[in-house]
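Taking it in order: structure first as structure tokens, then the write-up.
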Amino acid sequence: MPTAGPNEVVNVVVKNVGSFKVARGSTVGELCAPIQEGRAYPIVAAIIRNTLRDLHYVFKYDCEVELVDTTCPAGLRIYRRSATLVLIKACRDLFPDRTLMIKHTLSNGLFCEFLGGPSADIEIEQIQNRMRQIVQQDLPINRHLMENDEVRRIFMEQGQDDKVKLMRYRDKEAAHVYELDGFVEYFYGYMVNRTGILGKFRLLYHSPGMVLRTPEVDDLDLIKPYREQRKLAMIHQEAKEWAEMLHVPHVSSLNDMITQDRIDDLIRVNEALHEKKIAYIADMISDNPSIRVVLIAGPSSSGKTTFAQRLLIQLRVIGHHPVSISMDNYFVDRVMTPLDEEGNYDYDCLAAVDIDLFNDQLARLIEGEEVEIPIYNFKTGRREEEGYRIKIPTNEPIILEGIHALNDQLTFSVPVKNKFKIYISALTQLNVDYSNRIPTTDSRLIRRIIRDHRTRGNPAIKTIRQWASVRRAEEKNIFPFQETANVMFNSSLVYELAALKLFAEPLLEAIDNDMPEHVESSRLLRFLSYFRAIPTQNIPPNSILREFVGGSWFEV
């Protein structure tokens, strides 16, 4: 760390570590080097005044610092992003005429593939060996601020047309880029400062590409084996085909359509693809007369409610008379609801549902009996004294949507042959560019921020605070069962973030930098800044997006 005179010293208080006097102009990385000794997991960034800072950040004033390592989500994102840079560099070194595209998460890894053709098993081994060499060399990852014209020139020389186009839509005159051994890349998030930090990774062959595994929240040391998810891989392949059909592989292509007034046609075709898939699922159900219960589940903000209504309509189109039942009416009384680890009512656990009553009534409905469905009062936390009576037409399907729908414990009274399971999620089809993917969780979080504000009056800060708990419930109650689904539906729309931008930005901008949630809100705002906005009226009234922004045909 640089030496300094008494007037050039900055006082830095590191949370849970101690106080330090450092030279003004030294970096977070230099401060962390001695602190890292003896720590199990690498420090990859810091939070200063509720703003995430990378290891290149220069100290100019006295401050308090919270260190970020790979035990927290922000640190894991930085680690994976940095490992991705090493992967891209290794591919450049070995295959300079091929372009690697960073695609999407797949099980406990990140799927990537070369444009224009599949990879071979031996190539993946070569790439992994080259990555390990780069890590062992402990090369610096330098951060530079460059004028946009200079950035575009470099990317043109490197053959990265996707980034050249992206730079055209940046509102700022300069951009921060990262340089590794002479190769320059642009990422919309931070990196570590040296490759030596990135020793924990694995690269696996997964036709037609590869899966990069880096530490996860529940597997910081990469002990768990890779979990194959064939059905999820197939739905991601479908998303890829849809994106190619729509000619929108990345954000700059979408922005071109918006600025060239071609977006309406894109919206119509994208929505038609959704409708076609829903009609296909309705035909699958109709073609199997033994199906009596249609079960729909998916993570938060996947658009389950709108999907269920559109499926119901498609079933009616082909002559069926399905009935939809709300699982919310089967909650146990609030006083009987289990508590989570934070002492709050855990409405997401299976024990919060009266599954015995539910299964008794479900079995009787299937047999053609009339039952009295309970009505749950969310204000009082109890059922009303009287419910409503219902009888299902003979051999007609019952549509159920809920967090536990794919878990057979919820419907233990129904034989497997009588169930049809649907998993729905917003699996983003679009990339920022070939090196920067758009995480599915970010799209869903933005959807939820908008919906919670519109329907519940919740500010964005409250939704962001709750998001970690929501994600834990998904990991426990939804994702373990997704591969048991008969069919998967991708509710993502290639144009949606451009449509959600106008709703989300003012909600996120309301979070001041004196709040811890400012770290997440500033990240999402930076991410949304790449998109040109689409006016609300462009969104069709039956679109899944209407569930979040309002104006849906299916709203009561």
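The figures follow:
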item	result
Relative packing of 122-130, 542-550, which averages over residues the other C-beta atoms within 10 Å, highest first	542-550, 122-130
Packing-based exposure ordering (other Cβ within 10 Å, fewest first) of 197, 461, 223	223, 461, 197
Amide H contacts of residue 426 (H built 1.01 Å from N, under 5 Å, at least 5 apart or other chain)	491
Interchain or long-range residues, amide H under 5 Å from residue 69's placed H	44
Ranked list, fewest to most other Cβ atoms within 10 Å of each Cβ, for 220, 100	220, 100
The range 6-69 shape via C-alpha gyration tensor axes, a/c threshold 1.5	prolate
Note, ³J(HN,Hα) from phi for the range 75-82, Karplus 6.51, -1.76, 1.60, rounded to Hz, x at Gly and Pro	x, 5, 4, 5, 4, 5, 4, 5
FRET efficiency for residue 11 and residue 364, using Cβ-Cβ distance with R0 set to 45 Å, rounded to 0.05	0.05
Estimated 222 nm signal from helices in the chain, with DSSP H stretches of n ≥ 4 weighted -39500 (n - 2.57), rounded to 500	-12000 deg cm²/dmol
Within the range 322-395, chymotrypsin sites (Phe, Trp or Tyr not before Pro) in DSSP loop having at most 15 other beta-carbon neighbours inside 10 Å	378
Contour excess over end-to-end distance, with Cα ends at residue 202 and residue 224 and 0.36 nm allotted per residue	6.8 nm
Nearest-0.05 FRET efficiency for residue 345 and residue 148, computed from C-beta distance (R0 45 Å)	0.35
Over 18 Å between alpha carbons, listed pairs 304/421; 417/476; 103/163	417/476
Under the Karplus curve 6.51 cos²θ - 1.76 cosθ + 1.60, θ = phi - 60°, whole-Hz ³J(HN,Hα) for the range 226-240, x wherever Gly or Pro sits	5, 9, 5, 10, 5, 5, 5, 4, 5, 6, 5, 5, 4, 4, 4
Gyration tensor (alpha-carbon) shape descriptor, the range 304-368, a/c threshold 1.5	oblate
Three-way shape call for the range 200-335 based on the alpha-carbon gyration tensor, with the a/c threshold at 1.5	oblate
³J(HN,Hα) computed for each position of the range 191-198 - Karplus, 6.51 cos²θ - 1.76 cosθ + 1.60, integer Hz, glycine/proline x	10, 6, 9, 8, 6, x, 5, 9
Gap separating the Cα centres of the range 377-444 and the range 510-535, nearest whole Å	30
Sum of side-chain charges, residue 344 neighbourhood, beta-carbon under 14 Å (Lys, Arg +1; Asp, Glu -1)	-1
Summed residue charge, Cβ within 13 Å of residue 383's Cβ, Lys/Arg positive, Asp/Glu negative	-4
Cα centroid separation, the range 20-43 to the range 187-206 (Å)	20
12 Å cut-off, amide nitrogen to a point 7 angstrom out along residue 418 Cα→Cβ, residues in the range 325-361	359-361
Extension gain, residue 385 back to residue 133 (0.36 nm per residue minus Cα-Cα distance, nm)	83.7 nm
Centre separation in Å (Cα based) which lies between the range 336-358 and the range 74-102	43
Reduced Cα scattering model of the range 476-556, Debye log10 I(q)/I(0), q = 0.11, 0.12, 0.20 Å⁻¹	-0.45, -0.52, -0.98
Efficiency of FRET between residue 60 and residue 39 - r from beta-carbon atoms, R0 22 angstrom, step 0.05	0.25
Straight-distance crosslink candidates among aspartates and glutamates, where the alpha carbon sits under 18 Å from residue 224 and sequence neighbours closer than 8 are dropped	216, 475
Sorted by Cβ density within 10 Å, fewest first, the residues 86, 22, 416	416, 22, 86
Residues whose placed amide H lies under 5 Å from that of residue 414, excluding near-sequence neighbours	none
Ordering of 351-357, 290-296 by packing [mean C-beta count within 10 Å, highest first]	290-296, 351-357
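No lab work stands behind these numbers, since they all come straight from the coordinates. These numbers come from a predicted model, not from an experiment. No Cβ is skipped: glycine too gets one built from the backbone with ideal geometry, and neighbour counts run over all protein chains shown.
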